[in-house]
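The values are calculated or read from the model by the stated rules, or taken from the named source; none is laboratory data. As the structure is a prediction and not an experimental result, all values here were calculated from the model. Reconstructed Cβ throughout: ideal geometry from the backbone, glycine too, with neighbour counts over all protein chains shown.
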Amino acid sequence: MEPTIEVRDLHKRYRTTVAVDGLSFTVRPGEVTGFVGPNGAGKSTTMRLILGLDSPDGGAALVGGKPYRSLRTPLTKVGALLDASAVHPGRRARDHLLWLAHSNGIPRRRVHQVLEEVGLGAAARRRAGGFSLGMQQRLGIAAALLGDPPVLIFDEPVNGLDPDGIVWIRGLLAGLAAEGRAVLVSSHLMGELEGTADHLIVIGRGRLVADTSVAELLAAASKERTEVVTVRREEATTVLARAGATVTVIGGETMTVEGLPGDRVSTLLTEAGVPFSELRRHRASLEEAYMDLTRGSIEYAPEAVEGSAR
């Protein structure tokens with residue numbers, strides 16, 4: 001089976017709510033693909049459609065070219081973590097995985113392997129109801145890895161993990177992709193994806209907003225933004241604004257200049273005799289780039305209150 005996820009013109013409506021509206025994208029092998037969007041964007045619905053938990057009203061969601069529901073022994077084809085708490089609280093971790101392994105023809109020895117891999121070897125005989133949120137998350141990840149699948153889907157995998165756990169999951173995701181697997185990761189923590197994802201699928205209101213590499217998105221968001229440090233801030237602002245730049249003070253003697261390339265900023269200030277101690281190209285964070293992309297796709301946004309501080 002080719003390790004891919006293909007979403008083709010996918011549609012899903014719940015009564016009067018359009019959850020997914022003509023969505024198309026591909027998750028390719030060898031990459032960690034981040035799947036992001038504001039609350040209500042349709043991420044959870046899309047993942048449920050990919051995994052056959054809901055039926056689309058139109059279009060298709062395919063894993064390795066096939067609908068999930070047609071897969072025999074699906075855990076050996078696709079591993080998924082959607083809700084780490086979806087484990088019977090009275091069931092021991094080892095027994096939970098043994099049941100999953102038996103249902104998909106997976107050797108029993110694999111249960112011990114994945115428990116050790118996620119750091120739960122010592123907790124194998126503990127009941128899931130006594131697990132912390134982070135331990136539940138690790139058990140869910142173990143279940144996703146159980147069948148050694150070529151395709152993996154994780155929804156908020158760092159949820160509940162401590163700092164060491166976050167470093168671990170980053171390494172795990174990168175390692176899985178390096179092995180040639182297709183890895184789809186839904187997250188609202190853009191800082192985590194910036195250090196993990198190779199590619200981004202951004203959606204808003206059920207539609208595709210961007211399908212791009214992280215590097216390309218950051219380069220576009222950082223274009224023609226320069227940070228300048230000068231003790232003569234007002235003079236610098238006047239000179240640059242006259243040349244068509246937008247200048248924003250970000251604290252002390254530092255300001256951000258948009259709309260002019262860095263070398264032009266340097267030339268204008270030098271010709272005007274305005275000294276500056278630093279001039280560096282601004283590198284946008286993934287959070288900034290994401291906010292720019294999704295600004296018009298937020299379902300619930302606070303309204304400005306008359307008379308409030310801006």
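The residue that is farthest from Gly64 (Cα to Cα), among those in segment 116-167 that are β-branched (Val, Ile, Thr) and in contact with a strand residue (DSSP E or B) (Cβ under 8 Å, 6 or more places away or on another chain), is Ile141. If you filter segment 265-310 down to residues that are part of a loop (DSSP other than H, G, I, E, B), of a type in the set (S, T, N, Q) and closer than 30 Å to Asp211 by Cα, you find that the one that is modelled with the lowest pLDDT is Ser297.
In segment 1-91, counting only strands (runs of 3 or more DSSP E) that sit wholly within it, the ones holding 1 or more residues that are of a type in the set (Phe, Trp, Tyr) span 5-14, 17-27, 31-36. If Leu75 satisfies every condition in (1) out of contact with any Pro (no Cβ under 9 Å at 6 or more places or on another chain); (2) closer than 24 Å to Ala177 by Cβ; (3) in contact (Cβ under 8 Å) with a residue 12 or more places away in the chain; (4) among the hydrophobic types (A, V, I, L, M, F, W, C) but one, which is the exception? That leaves (1) as the condition not met. Filtering segment 28-48 to residues that are closer than 15 Å to Glu192 by Cβ and among the hydroxyl-bearing types (Ser, Thr, Tyr) leaves only Thr33. Look at (1) more than 25 Å from Tyr68 (Cα to Cα); (2) surrounded by 18 or more Cβ atoms within 10 Å (Cβ to Cβ) and you find that Arg170 fails only one, number (2). If the condition is being assigned to a loop (DSSP other than H, G, I, E, B) and within 27 Å of the chain's Cα centre (by Cα), then segment 92-126 contributes Val118, Gly119, Leu120. Here Glu235 passes the criteria (1) part of a loop (DSSP other than H, G, I, E, B); (2) surrounded by fewer than 18 Cβ atoms within 10 Å (Cβ to Cβ) except the one numbered (1).
Looking only at segment 43-82, residues that are surrounded by fewer than 22 Cβ atoms within 10 Å (Cβ to Cβ), small (Gly, Ala, Ser) and within 30 Å of Met291 (Cα to Cα) come to 4 in all. Within segment 19-36, if we keep just the residues that are surrounded by 17 or more Cβ atoms within 10 Å (Cβ to Cβ) and among the β-branched types (Val, Ile, Thr), the residue that is nearest to Gly59 (Cα to Cα) turns out to be Val20.
Select, from Leu49, Leu81, Leu97, Leu53, the only residue that is at negative phi and either touching a residue at least 60 places away in the same chain (Cβ under 8 Å) or hydroxyl-bearing (Ser, Thr, Tyr) (or both).
Values: Leu49 fails: either touching a residue at least 60 places away in the same chain (Cβ under 8 Å) or hydroxyl-bearing (Ser, Thr, Tyr) (or both); Leu97 fails: either touching a residue at least 60 places away in the same chain (Cβ under 8 Å) or hydroxyl-bearing (Ser, Thr, Tyr) (or both); Leu53 fails: either touching a residue at least 60 places away in the same chain (Cβ under 8 Å) or hydroxyl-bearing (Ser, Thr, Tyr) (or both).
Just a single option satisfies the conditions, and that option is Leu81.
The set of residues in segment 185-215 that are crowded, with 19+ Cβ neighbours inside 10 Å and part of a helix (DSSP H, G or I) comprises Glu192, Leu193, Val214. Among the residues of segment 129-157, those identified as surrounded by fewer than 23 Cβ atoms within 10 Å (Cβ to Cβ) and under 17 Å from the mean Cα position of the chain (by Cα) are Asp155, Glu156.
Residues in segment 27-40 that are farther than 15 Å from Glu156 by Cα and of a type in the set (A, V, I, L, M): Val27 alone.
When the residues of segment 93-111 are narrowed to those that are farther than 14 Å from Gly140 by Cβ and of a type in the set (Gly, Ala, Ser), which ends up surrounded by the most Cβ atoms within 10 Å (Cβ to Cβ)? Full working, then the answer.
Of the residues in segment 93-111, the ones farther than 14 Å from Gly140 by Cβ are 94-95, 98-99, 101-111.
In the following step, the residues that additionally are of a type in the set (Gly, Ala, Ser) were identified as 101, 103, 105.
Working: Ala101: 20, Ser103: 11, Gly105: 11.
This residue is Ala101.
When the residues of segment 218-228 are filtered to those that are in contact with a strand residue (DSSP E or B) (Cβ under 6 Å, 6 or more places away or on another chain) and not acidic (Asp, Glu), the one that is modelled with the lowest pLDDT is Arg225.
Confirm whether Ser24 is modelled with pLDDT under 95 and on the phi < 0 side of the Ramachandran plot. Spell out how you get there, then give the answer.
On the way: modelled with pLDDT under 95: no; on the phi < 0 side of the Ramachandran plot: yes.
No, not satisfied.
Restricting attention to segment 165-184, does a residue exist that is modelled with pLDDT under 90, closer than 29 Å to Glu2 by Cα, outside any helix (DSSP H, G or I) and of a type outside the set (Lys, Arg)? No, that holds for no residue. Is it the case that segment 151-170 has a residue that's among the aromatic types (Phe, Trp, Tyr), in contact (Cβ under 8 Å) with a residue 24 or more places away in the chain, assigned by TED's automatic domain parsing to the domain that holds Ser85 and closer than 27 Å to Val63 by Cα? Within segment 151-170, one or more residues are among the aromatic types (Phe, Trp, Tyr), in contact (Cβ under 8 Å) with a residue 24 or more places away in the chain, assigned by TED's automatic domain parsing to the domain that holds Ser85 and closer than 27 Å to Val63 by Cα.
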